[in-house]
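Values in this text are rule-based calculations from the coordinates and carry no lab data. No experiment lies behind these values; they were computed from the predicted model shown. Glycine also receives a Cβ, built like all others from the backbone with ideal geometry; neighbour counts cover every protein chain displayed.
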Amino acid sequence: MYKFIAIDIDGTLLNSAGELTENTINTIRRVTDMGVKVVLTSGRVTDSVKGIASKLNADSHIICDNGATIIDLNSNKIVYSKYIKKETILNLVDVCLKNNIYYMVFTNKEIIVKDLQHMALAFYKQRHHLKDEATGIAQIKFAGIDYIKEINDSFTRIIICDQDRAIYNSIIKLLKNFDDIELLAAPHISNKIIKDGDKNIVLSYSYAEILAKATNKWTAIKNLTDKLGIKKEEIMAIGDNFNDIEMIQNAGLGVAMNNGSPVAKEVARVIAPSNNEDGVAKVIKKYIL
C-alpha cells in the first residue's frame with residue numbers, strides 16, 4: 001500500500017490549460033480521506049503551491065522550489081530549507097552579466113529580474129491569460145545586482161535562459177566550476193506560447209535551474225518521509241520533466257506522464273496517460289483505489 005504520493009504540478013497535475021479537473025480533485029480527496037499523504041512537489045514558489053493544495057485537501061506539507069523548501073501547512077512554517085549562499089548568488093549573477101545571459105533570482109518573497117524576457121515574460125503573461133491554478137507567481141521585482149547585494153533574504157534558486165543554444169551550453173560549462181551548487185540543465189529547448197492581443201507568440205529558449213548543492217525533489221521527499229516514518233517502497237512519485245528524475249527513480253513507484261520528457265519516461269516504472277487525460281487520477285485509481 002502506498003502511503004505517500006508526491007505529485008508535480010505543471011505538466012502533471014494540471015492539464016495544458018492550467019486547470020485542475022473535477023476527476024483529479026475528487027480522486028485525490030478520496031485518497032487523502034483514506035489517510036494517504038499527498039504532497040505537491042513542485043518547482044513553483046510557496047504561495048502558488050498552497051492554493052492548489054487547499055483544493056485537493058492535501059493540506060499537510062508542500063515541497064516547493066524544486067526541493068529547496070518544505071512547508072508545514074498546519075503551522076505555515078518552513079520545516080526544511082536548502083538555500084544558496086548570497087556570495088554564490090552574486091558570483092552567479094556576475095557570470096551572467098559578463099556573458100550577457102538572462103537570469104532570474106528567486107527569494108522566498110520575489111523574483112528579481114532586470115527586465116521581462118524568456119521565462120520571466122512567460123510567467124508575467126500567465127498571470128493575465130491562464131486559470132487561477134496556473135498564475136501563482138511570486139512578485140516580480142525589477143532590479144539589478146546592487147539590489148541583490150542590499151537585501152536580507154534567503155535565496156532559493158536562480159534560473160538562467162538564452163535563445164542561443166551554443167551560448168547557453170558555454171555558460172553551462174562555466175557554471176560546472178561552482179562546487180556549491182546543483183545544476184539542473186534542461187536537455188531540450190523550451191517553447192512557451194503567450195498571448196499578445198489576438199496573437200499567439202512563441203517564446204523559444206534554453207534554461208537551467210541552479211539550486212544549493214544536493215538539492216532536488218527527492219532529497220526533500222526523503223527528509224519528510226523519514227520524519228513521518230514512511231518507507232521508500234511506500235512512496236509513489238508522479239512527474240513529467242527533467243527536474244522530476246530523482247524522485248521518479250528513487251520512489252517505490254516512479255510514474256512519468258505520457259506527455260512528459262523522454263528523460264523522465266526512461267527512468268519510470270509506469271507511464272501514466274497524459275495530463276490532458278487525467279493521468280494522475282487514473283494512476284492513483286489503478287495503484288491505490
Next item on the list: Please pull out the direction-averaged projected area of the range 1-122, using the convex hull of its alpha-carbon atoms, in nm² to one decimal place.
Entry: 9.1 nm²
Note to self: Just to be sure I understand the model, the point goes 7 Å from the Cα along the line to the Cβ. What's the resulting Ala166 to Asp33 distance in nm?
What the structure shows: 6.0 nm
Notebook entry, point to check: So how do 37-50, 72-85 stack up, highest first, on mean other-Cβ count within 10 Å?
Noted result: 37-50, 72-85
Margin query: Once each part is reduced to its C-alpha centroid, what is the distance from the range 159-201 to the range 1-23 in angstrom?
Written below: 25 Å
Notebook entry, point to check: Relative contact order of the chain: what whole-number percent is it, with Cα pairs under 8 angstrom and at least 6 residues apart?
Noted result: 21 percent
Notebook entry, point to check: For labels at Ser75 and Lys231 in the simple 7 Å Cα→Cβ model, what's the distance in nm?
Noted result: 2.8 nm
Check: How about the range 203-258: which trypsin sites (Lys or Arg not before Pro) there lie in a loop by DSSP and see at most 12 other Cβ atoms within 10 Å?
Finding: Lys231
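Looking only at the chain, where both bridge partners belong to it, what percent of the DSSP beta bridges are antiparallel (to the nearest 5)?
65 percent
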Next item on the list: Averaging over all projection directions, find the projected area of the Cα convex hull of the range 1-44 and quote it in nm² with one decimal place.
Entry: 3.2 nm²
Next item on the list: With springs only between Cα atoms under 10 Å apart, run a GNM on the chain and tell me which of Asn66, Asn243, Asn152 wobbles the most.
Entry: Asn152
Notebook entry, point to check: Out of every Cα pair in the chain, what percent are spaced more than 35 Å from each other?
Noted result: 14 percent
Checklist line | Kirkwood-Stokes translational diffusion coefficient of the range 161-264, alpha-carbon pairs, 4 °C, 1.567 mPa s, µm²/s | finding: 82 µm²/s
Check: With each pseudo-label sitting 7 Å past Cα toward Cβ, what's the Lys55-Ser16 distance in nm, one decimal?
Finding: 1.9 nm
Checklist line | Degrees between helix 165-175 axis and first principal axis of the chain (Cα, 0 to 90, nearest 10) | finding: 90 degrees
Note to self: Just want the ordering: Cys96, Cys64, from fewest to most Cβ atoms lying within 10 Å of their own Cβ.
What the structure shows: Cys96, Cys64
Check: By how many degrees, between 0 and 90 and to the nearest 10, does the Cα long axis of helix 118-129 differ from the longest principal axis of the chain?
Finding: 60 degrees
